[in-house]
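The values are calculated or read from the model by the stated rules, or taken from the named source; none is laboratory data. Bear in mind that the values here come from a model prediction, so they are computed numbers and not experimental data. With ideal geometry, Cβ positions are generated from the backbone for all residues, glycine too; neighbour counts draw on all protein chains shown.
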Protein chains: 2
Amino acid sequence: MANVVTLMDVAKRANVHLSTASRALSPDYAKYVGEATRLKVLRAAEELEYRPNALAQGLRKGRTGVVGVVVVHVEQPFTATVLRGMENSLEAVGIMPLIAETHGSSERLRRAFEHLIAWRADAIITTAVRYGDADIIERFAREVPIVLAVRSLPGGRLPTIAHDDTVGGALAARHLLELGHRRIGELCGPPDVSSFAQRQAGFRAALAEGGVTETVAQTSLVGATLDEGRRAAAALLSRDGARPTAVFAHNDLMAVGAMDVFSEAGLSCPGDISVIGYDDILFADHLVPSLTTIRLSSFHLGRMAGEMTYSLLQSPDSPPPTISLPPELIVRDSTAPPAEAPGASRPPSRARSR
Amino acid sequence: MANVVTLMDVAKRANVHLSTASRALSPDYAKYVGEATRLKVLRAAEELEYRPNALAQGLRKGRTGVVGVVVVHVEQPFTATVLRGMENSLEAVGIMPLIAETHGSSERLRRAFEHLIAWRADAIITTAVRYGDADIIERFAREVPIVLAVRSLPGGRLPTIAHDDTVGGALAARHLLELGHRRIGELCGPPDVSSFAQRQAGFRAALAEGGVTETVAQTSLVGATLDEGRRAAAALLSRDGARPTAVFAHNDLMAVGAMDVFSEAGLSCPGDISVIGYDDILFADHLVPSLTTIRLSSFHLGRMAGEMTYSLLQSPDSPPPTISLPPELIVRDSTAPPAEAPGASRPPSRARSR
DNA sequence: TTGTAAGCGTTATCAG
DNA sequence: CTGATAACGCTTACAA
């Protein structure tokens, strides 16, 4: 190790002054350098395998070319794809994403932001906000440009890009209504996350339009995981009163957990109970039955979030844009008309993409 | 924005010299500061929301507290878990992982390393090496400590932590042999990746021990993805000669692709053809049939890789350790005795964990 | 076109 | 215990 080549070494080898070497290697200032000397410097840099110290550059320039990305969990299937999209667009403009995770904790969210600010990230994109984080986010927003992706915050004071989950919830509701379901359950994610709050709002509004005013809801405050899906589904089954004929899970992970529980309880899906999820994660089409769900263009969302951030960096004082992306209903085998209402016919089978 | 609080601001507000402020805030040097002044400085820092500039610190200290992690693809299920393990152990010792992706390209691998070196990462962990990258990796290893995880390189000159894929391949082979299979196919990942090379070697050696000397192999040079699994499986089916009664796919993704193709070709699994995968990715147990596979303790591997890196940073000139982790056979429903050899009985069903 | 020099925000080594 | 000061490696006005 140890053998770190600095600009000084390059300058010496090329027999030029430090600053000339700097200019020769800078895209912006190279034009002020004689062609011959420029080539000398380039050769020297090449030969010594010179690698500019990004710390020194950032310190001096006041920009790092780093954008922080704060997510709940890289491992979540949906998040991973969003990240890939961001990376894709950021890389194209020479920006490096620096990823930090919150694991759902507000305390870690705070630490992640402080970390990224300490590293002088030029901007921060986050997909991890909960309503309770609004204050702290707005405080940080005074220190660094922040872009909200996937999850939004009320007020719209920050640039935001997210799917329209109200529409998504409504799509789910209308699909179940069309199939003839009237007693419908809902497995809700934490209500202080905009995505879940909006899914619920959209779902209920659409049900109400269809004359169904009551849903059997079970909310998880912990998170929208497979285990929480199991727990919520079990709680829902153990209730008094008639069992719902269909269930809307706020994401696919919960849907899978619920399907497991239903199957263990001897209920067939979709025969006894239909299940619709949300997200269209990898392998949603490989489950048995394959999962009807709402697809979000996650890669695209990530891409656009990256682009939005870049243009924000270019023109810092344009008004905060808000972009809303449409979700899409993907009908598969986990939803069907309820056994008791044979009148309703299955709508023509739609695209089974993937 | 703009309003960046520096140490100078803190010092002024506390009425002490810059260097005193620095000491007061440093865990190592705080003891040389009078209790009263120390508290004054702490208060001032608090009030101003002072956040040390990590760039300046890194530049001055020569250490950044950053460890680069170079992976093929964050999105891959196996990788994501490994990452979580690394993060888990690195965070515990105050190190921040900086993630970079290669997408399987050597050129991008090089760029990722250069990027991380430019940012003066204290060390780099990589799970993305191919045999062809050996030279470049050894060159970089002169500039920064490198830890090889998941995939190894011949020679053992670099600290390495990986699962014993030779054993894993053998486990798969013996399982199929025990079930009575004698005509066995293999869907291979790229052979210039140690994991796949070793899986193949272990698999074939164990088959040979069982008297089976020939396998119907189909190799993918592109990558071990679902689509490549489909392609390889299709190629395997279209061959002359008797169809194999069992197939070992070098990872679960390829196994899923293969199962799709088999099912589309009207073959039932495990009735007509058994399939065993590798990795035990999320939802491997939710497929139908649930997938027999080799489980790797990915989280644990990640953890240990992080710990290894840290201890390497502590004692830089200890000999490069090599840690080998055992894989585990997980028997599920995608493997069964071949139809033609009813003599072989299914071994007692083992743990169906998850 | 090139050289000079002043920092960017810290830490660490000196004296005092 | 505290103050002064020299780096760390680089960029960029400003002079020449």
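Details
- Per-region count, the range A:48-94, residues among the β-branched types (Val, Ile, Thr) and within 16 Å of DNA strand C (Cβ to nearest atom): 2
- Residues satisfying the stated conditions in the range A:19-40, i.e. within 6 Å of DNA strand C (Cβ to nearest atom) and either in a loop (DSSP other than H, G, I, E, B) or not polar (S, T, N, Q) (or both): A:32, A:33, A:34
- Of all the criteria given as (1) within 14 Å of DNA strand D (Cβ to nearest atom); (2) part of a loop (DSSP other than H, G, I, E, B), the one not satisfied by residue B:74 is (1).
- When we screen B:213, B:245 for residues that are polar (S, T, N, Q) and surrounded by fewer than 18 Cβ atoms within 10 Å (Cβ to Cβ), the only hit is B:213.
- Being surrounded by fewer than 22 Cβ atoms within 10 Å (Cβ to Cβ), under 37 Å from the mean Cα position of the chain (by Cα) and either modelled with pLDDT under 95 or part of a helix (DSSP H, G or I) (or both) is a description that does not apply to residue A:43.
- Residues satisfying the stated conditions in the range A:10-54, i.e. near DNA strand D (Cβ under 8 Å from one of its atoms), within 14 Å of chain B (Cβ to nearest Cβ) and of a type outside the set (A, V, I, L, M, F, W, C): A:50, A:51, A:52, A:53
- Residue within the range B:66-85 that is of a type outside the set (Phe, Trp, Tyr), modelled with pLDDT under 95, in the same structural domain as residue B:308 (by TED's automatic domain parsing) and under 22 Å from residue A:120 (Cβ atoms) present: no
- Scope the range A:1-18; condition near DNA strand C (Cβ under 8 Å from one of its atoms) and of a type in the set (Val, Ile, Thr); matching residues: A:16
- Only a single item in (1) surrounded by fewer than 17 Cβ atoms within 10 Å (Cβ to Cβ); (2) within 44 Å of the chain's Cα centre (by Cα); (3) free of Cβ contacts under 8 Å to residues at least 24 places away in the same chain is not met by residue B:23, and it is number (1).
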